[in-house]
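The values are calculated or read from the model by the stated rules, or taken from the named source; none is laboratory data. Quantities reported herein were computed from a predicted structural model and do not represent experimental measurements. All Cβ positions, glycine included, derive from the backbone under ideal geometry; neighbour counts span all protein chains shown. Ligands, DNA and RNA are excluded from the accessible area calculation, which covers all protein heavy atoms including side chains. Shrake-Rupley method; radii C 1.70, N 1.55, O 1.52, S 1.80 Å.
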Amino acid sequence: MRQWPGNGADLDFRGVIRGCTALVVAAPVIVGKLTGEFMKNAEDRAAFLESEAGAAAKKLLFAFRLWCVVELHAALEAGIPVVIRAGKAAREGDAVKFDTEGAPRMLFNLSFMIDVERAECAVRADYDREMDAVRNGEGVETVNKRVAGAVLGGAMSASGHDLAVAAAECGEPEA
């Protein structure tokens, strides 16, 4: 996902998203609590988010960034295929190997942490404007549920190592 500059002047990413044939969300796998265990209850997830590891994850992962959450929702709302790709790519000669170790559990945990109202945004005016659009549009609950569903779908795809899903969504089934 693209991180937008924060001046907010003529920002209209929804039109850009609607013009896409697919949206690819890339996420590094954050080794540790996110990948180590399923955080079964809200208290576990809240404790993680308040921890040092949680603060670091908030800076790196799309699920905690307002622009990423609302862009992902815009794609889902417009019926644009979404591919969530979590892992690390490494070149091995002429080939690229994609390591998804830990991705399924991380995405599964993240699917329960989607909260557009708590998502971070560098510029308060941008946050206020986007949250006003969310509240007066689809609503916070709908945005959270749609995005969480997409993240959960990414977890299921990653758990099955189903890279054909990503290739097909991007119009490259031969890949």
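Quick notes on this one:
- Any hit, the stretch 14-37, residues being open to solvent by 60 Å² or more (accessible area, probe 1.4 Å), more than 27 Å from N136 (Cα to Cα) and assigned to a helix (DSSP H, G or I): yes
- Restricting A53, A90, A75 to residues that are open to solvent by 40 Å² or more (accessible area, probe 1.4 Å) and either of a type in the set (D, E) or in a helix (DSSP H, G or I) (or both) narrows the list to A53.
- Residue count for the stretch 142-156, restricted to those that are among the aliphatic types (A, V, I, L, M) and open to solvent by 10 Å² or more (accessible area, probe 1.4 Å): 4
- Residues that are charged (D, E, K, R) and over 20 Å from E141 (Cβ atoms), drawn from the stretch 68-119: R85, K88, R91, E92, D94, K97, D99, E101, R105
- Residue within the stretch 78-86 that is small (G, A, S), at pLDDT 95 or above, open to solvent by less than 40 Å² (accessible area, probe 1.4 Å) and more than 16 Å from A133 (Cβ to Cβ) present: no
- Scanning the stretch 109-141 for residues that are open to solvent by 80 Å² or more (accessible area, probe 1.4 Å) and small (G, A, S) yields a single hit, A122.
- Within the stretch 158-174, considering residues that are open to solvent by 30 Å² or more (accessible area, probe 1.4 Å) and either in contact with a helix residue (DSSP H, G or I) (Cβ under 7 Å, 6 or more places away or on another chain) or part of a helix (DSSP H, G or I) (or both), the one modelled with the highest pLDDT: S159
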